[in-house]
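Everything below concerns the one structure shown next.
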Amino acid sequence: MAEPTTDVIQGTLDMLILKTVSLEPMHGFGIGRRIEQISRGVFKVNPGSLLTALQRLERGGWLDAEWRDTPNARRARVYMLTRRGRRRLDAETEHWTRRVSAIARLLKAEG
Amino acid sequence: MTAWRDLARGVGRLWHPAAADRDAIDEVAHFLDEAAAAYEARGLSPDAARRAARLDVAPTATVDALRAAGWEHVVVTAMRDVHVAARRLRAAPAFTLVVALTLAVGIGTTTAIFGAVNPILFAPLPYSDANRIASIVEGRADGGWNGGTFAFFRELVERSRTLETIAVARPWQPTLGGASGPERLEGQRVSASYFAVFGVAPAIGRTFTAADDRAGAPPVVMLSDGLWRRRFDADPAIAGRTVTLDDAIVAVAGVLPASFENVLAPAAEIWMPLQYDMTEGRAWGHHLRTVGRLQRGATARGAADEINAIGRVFVAGHPDAYGPTNFVVRRLQDEITRSVRPALLVVLAAAGVLLMIACVNVTNLLLARGVQRRAEFALRAALGASRGRLVQQLLTESLLLAAVGGAAGMVVAAGGVRALVALSPPELPRVHAIGVDIAAFAFGAALTTAIAISVAILPALQAAHSDPHRDLQRGWRRGGGEHHRTRGVLVVAEVALAIVLLVSSGLLLRSLERLFAIDAGFRGHGVLTMQVQLVGRRFSEPRVAYRFFEDALDAVRRVPGVTSAAFTSQLPLSGDRDEYGAHFDATVTQQAGSVSAFRYAVSPGYFETLGIPIRDGRPFDDHDRAGTPLVAVISESLARHRFGTESALGQTVRIGPLDAAPYTIVGVATDVKQVSLAIDDADAVYVPASAAAATIHGGGGQFGDTVMSLVVRGRDDAPAPAAAIRQAIWSVDKDQPVVRVARLADLVAASAAERRFALLVFEAFALAALVLAAAGIYGVLAGSVAERVREIGIRAALGASRGDILELVLRQAMTLAGAGVVVGLAAAIIATRAIAAMLFGISALDPFTYASAVALLSAVAAMASGVPAWRAVRVDPAATLRAE
């Protein structure tokens, strides 16, 4: 890993989680690892922030959660996207894309 | 967030905290496993992988974070805070009790007093557009007041443009017949417009019409809701039915709604049209209450100008019926509250002072506690408690305290309202509207709570601000001096306010003493009084009425235990007020002239029974009866006013109409207080009831003395039994109501009811203020001694005697009390001006009262400093030095 890992950009954690879970139902650690992998290690999610965010998203109805037994006699909490979560993801993606392209245009502008 | 799932999850966690905790722990544990497995997969040893994962995940903090998320966490924390706060308050029971009681007294009394004063003085009367209802009274040239006449009422109806409707009323006590026996009712005879003035429509039937109000029209009555339910079983078809009133058959026109509150005569249950006629003499009698509804946009002042303009012409045209008169127009509310307003305002102000003392006391106690707990908060801040957390904790504690105090205050308020109603002077209007005032309660509770909160969080803010290290050190030594000054100032304020209340109640007490020391002109002790009201047509013949009274008197005199008995047409200090013109003819030295005088028609034995000394001449005896020359006894003051140093005996006086028969004055009696002990209004003419009855023929006429008061003196100053006397009267005629049974001594006491009411309230307030001030002094001294244990120990070790140490503490106490007294006396000199109107025979600056208040407060201050002083004396120097 050549580049230093950073915390997730303020306010984008929910969107990243929703996007990750939209690929397939996943437990907390899996979500964190997937964000790290897909961002090629740019984003490293703090476990405490991740788990509280998951709890918040579940209680808000954007994610569903269920307990599944694991081979080593633990319970794993697996999260999946709800329809409400899907709508929010779409909205935030569109919003984010618009902002990013705007910023990109600004940065490319020649003075 | 849509709230449903969030709410359900939160409630679930509150309901099953253990299950929620297990979920959080399991999830974090699983996360930890996966993280460790990932590290192992990268080649770390299981142990190293586990350590690395723990470093990443920080499981304890993460589980805590999961627990702390969600709204329910606020509830959990608050509940824990309440729990902790309750434990802390229980650990300091004296502090808690004093603060709660202080709050209760402050909030409770303010609420109760405002609840009593508000509906009477401030809340509008319960009528539509109540501010447009005005009262009209006639002010005489001598400063007294007269009732209105029917003649001038008619004049106003004719001419007034500022009044939309005008009505007159007079008291009326008919006897209602029926299957359940005769019942004496309170009622009013009113002009047909009476209910229109108040804007009241009948609930059943109709109100009076102009046709009902004509002389000779068939009689009709209106019933109150209460009477309709009590006597007529709420008969919905009552309108048009007939009832028996005073032996006559009368039709019921309608029933008034239950909501109708008749402030002019709160006890009235039945109304009949006045049915006066301008041809009658009584059209000119000054005995009517006049009320009117102002035109929209008209003011009382404008109405007064117009009515006086009409009045000037009218008075000039009728000099025989009207002297110089100033017609006074007031809002009805002002008129009915006029006599009680000063007392109520003063009491309200006293409640305000008490609330101020309560606020000062609460501030003081909380400051003291804050100082004591400074070390605790410094410690907690040093251990990492955030400032917000400390503030939250203290806030919870203060709110809990305020809630307890508020609840106790509500109890005090409810009890206080009940006590006020029970103690209220009889003139107090709208008594049943008095209740616990929620707005006042909220005001008192909000004020004290705000104080409690702002004072209580001070130590938390300081703890978070200041250097924990230094505070811890200082705290252990319980130092800290700047608060002492603040608390000292507060105690001084408290003592000063207590002095104001003590002086005020002292002045009221001395006024009442002076008032009761006044010679009423008669010996009331041992005299029983009751009123006999004759019912029935046959008594409209005065001679028949007088014969009944004579027979009843004979029967009463035979009752065992009765030493003397007599009748009188009006009783002193009972609320009776029959004034008539007394006319004197010109003599050699005097011009002819008229004065207003109380008229008493009495039986022989009246002066003896009441113990009224005869100054000159003779009292009435059994020879003064019908057929003998007309004789009269006048009061000393009337004799002096009219005849100066000359003897009044042998002169003549006519009473009532100018052409009345002349009475020869045969005696002069001592002045008697008729209206009130405080009022010198003693011009009076006594005539024998027998002669009065004989000179009037038929129809009730000028003086239909069918209502007489019986006065009975018992043996050995012990009142004769009322029941036996009533039986004696009924042995003559069992249908005659006997009412207003009272001891004359009680009537005398009741005549000062307003002053007594104010005094009682002030005494209660002054006592509460004294206790609060004592608590304040005690609190400061106790805290100061506790903080100076070290200093006192060292002084003792260095040879200070117990006396020296005692002096140390007491000097502090007396400095505080002394400063408070000085400020308080200055404040009292200003504040007692407000009660000057309530004082009698005493200056608002009476030195004895001021000195007594100071002495009482000093004694209480000395007592309050007793326990701290004792503690200071008991400090063991050896123990103190060891502790160093």
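Every number in this text was worked out from the coordinates using simple rules, so none of it is lab data. Predicted model, so just to flag it, every value in this text is computed and none were measured. All Cβ positions, even for glycine, are placed from backbone atoms using ideal geometry, and neighbour counts span all protein chains on display.
Brief remarks follow.
- Where only C-alpha atoms are counted, convex hull volume of segment B:15-139 per residue in Å³: 239
- Over the Cα atoms of segment B:118-197, the radius of gyration divided by the Kirkwood radius equals 1.07; this is the Rg/Rh ratio.
- Selection among B:29, B:44, B:83 by position relative to the dipole of segment B:1-87 gives B:83 as farthest towards the positive end (Cβ unit charges, Cα centre).
- Share of pairwise Cα separations in segment B:163-223, more than 13 Å, in percent: 68
- Amide H contacts of residue B:204 (H built 1.01 Å from N, under 5 Å, at least 5 apart or other chain): B:255
- Per-residue ellipticity at 222 nm, computed for the protein assembly as shown from helices alone with -39500 (n - 2.57) per DSSP H run of at least four residues, works out to -17500 deg cm²/dmol.
- Each Lys or Arg adds one and each Asp or Glu takes one away; over the other residues whose Cβ falls under 14 Å from the Cβ of residue B:346, this sums to +2.
- Size of electric dipole in segment B:512-558: Cβ of Lys, Arg +1 and of Asp, Glu -1, about Cα centre, debye, nearest 20: 180
- For residue B:655, residues with placed amide H under 5 Å, excluding near neighbours: B:583
- Rounded to the nearest 20 debye, dipole of chain B from Cβ charges on Lys, Arg, Asp, Glu: 2480
- Our Cα-only numbers for segment B:817-884 put the radius of gyration and Dmax at 19.9, 65 Å.
- Rg and Dmax of the protein assembly as shown, both derived from C-alpha coordinates alone, stand at 42.9, 143 Å.
- Theoretical gain in end-to-end length, residue B:543 to residue B:811 [0.36 nm per residue, Cα-Cα removed]: 88.4 nm
- Cross-link partners for residue A:44 among the lysines, with Cα-Cα distance under 25 Å and sequence neighbours closer than 8 places in the same chain left out: A:19.
- The alpha carbons of segment B:255-390 stretch over 98, 39, 29 Å along the principal axes, in descending order.
- Partner chain coverage, peptide A:27-36 - average Cβ within 10 angstrom: 3
- Its Cα centre serving as origin, segment B:157-315 has a Cβ charge dipole (Lys and Arg +1, Asp and Glu -1) of approximately 380 debye.
- Across segment B:105-262, counting alpha-carbon atoms alone, Rg and Dmax equal 18.9, 61 Å.
- For chain A, the relative contact order is 27 percent, taking Cα pairs closer than 8 Å that sit 6 or more residues apart in sequence and dividing their mean separation by the residue count.
- Phi-based couplings in Hz for segment B:321-337 (Karplus 6.51, -1.76, 1.60; Gly and Pro marked x): 9, 10, x, x, 9, 10, 7, 10, 10, 10, 4, 4, 4, 5, 5, 6, 9
- Each of residue B:349 and residue B:184 was given a label point 7 Å from its Cα along the Cα-to-Cβ line. The distance between the two points is 4.1 nm.
- Average 1/r across all pairs of distinct alpha carbons in segment B:243-299, invert it, and you get the Kirkwood radius: 15.1 Å.
- In this simple spin-label model, placing a label point 7 Å from the Cα along the Cα-to-Cβ direction at both residue B:277 and residue B:229 gives a separation of 4.1 nm.
- The Rg/Rh ratio of segment B:187-328, with Rg taken over Cα atoms and Rh as the Kirkwood radius over Cα pairs, comes to 1.03.
- Taking the convex hull of the alpha carbon positions in segment B:316-458 and averaging its projected area over all directions gives 12.9 nm².
- Relative to the longest principal axis of the Cα atoms of chain A, the long axis of helix A:13-23 lies at roughly 60 degrees.
- Considering only B:254, B:661, B:548, the residue lying farthest towards the positive end of the dipole of chain B is B:254, judged by Cα position with unit charges set on Cβ.
- Over all distinct Cα-Cα pairs of chain B, the Kirkwood formula returns a hydrodynamic radius of 33.8 Å.
- Phi-derived couplings, Karplus 6.51 cos²θ - 1.76 cosθ + 1.60 at θ = phi - 60°, listed residue by residue for segment A:82-93: 9, 5, 4, x, 4, 4, 5, 4, 4, 4, 5, 4 Hz, with x used for Gly and Pro.
- Under-5 Å amide H pairs with residue B:714, H placed in peptide plane, nonlocal only: B:528, B:563, B:720
- Rounded, prolate or oblate (a/c below 1.5 giving rounded, otherwise prolate when a/b exceeds b/c) for segment B:507-666 by Cα gyration tensor: oblate
- Under the span-like rule (Cα at least 20 Å along the axis, Kyte-Doolittle mean at least 0.5), DSSP H helices of chain B: B:93-117, B:341-372, B:387-423, B:438-456, B:482-517, B:753-787, B:802-831, B:847-864
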